[in-house]
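Working notes, structure below.
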Amino acid sequence: MSSFWPTEDGWPYPDSSREIIDLDSEADDDLLNIRVPPVHLFDQLDPLEREVIAGRFGLAGAPLRSMKQLRLDTGLPAADIRQALGSGLEKLRTQLT
């Protein structure tokens, strides 16, 4: 038996594609999509880019640090820290678009 997702009566968003669903199916595609492991966005970053982004934004268990703190912790010039942050964010941006 097939049916369309409702577009009214409490459905929060209009269903413009009128997705056909199989009510007899044993698997819920939405639940399967939720269980897909996340893409590892940081895998494409260089180690310095990963360290700077994680530290600057407090990601992956790293404490939130200022650019000055990152410079002192790494011992690198501010220009290198800015470059790593910028190039790392650009790589992340391209993966998300």
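The values are calculated or read from the model by the stated rules, or taken from the named source; none is laboratory data. Please read these numbers as outputs of a predicted model, since none were measured by experiment. Because the Cβ atoms are built from the backbone with ideal geometry, glycine has one as well, and the counts that use them run over all protein chains shown.
Values as computed for the structure displayed
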quantity	calculated
Matching helices (runs of 4 or more DSSP H) fully within the stretch 8-97 where at least 1 residues are at pLDDT 85 or above and under 15 Å from the mean Cα position of the chain (by Cα)	47-57, 78-96
Filtered residues of the stretch 40-74 (kept if of a type in the set (D, E, K, R) and in contact (Cβ under 8 Å) with a residue 12 or more places away in the chain)	Asp46, Glu49, Arg50, Glu51, Arg56, Asp73
Residue satisfying all of: in the stretch 85-97; in contact (Cβ under 8 Å) with a residue 12 or more places away in the chain and farther than 13 Å from Phe42 by Cβ; surrounded by the fewest Cβ atoms within 10 Å (Cβ to Cβ) among these	Ser87
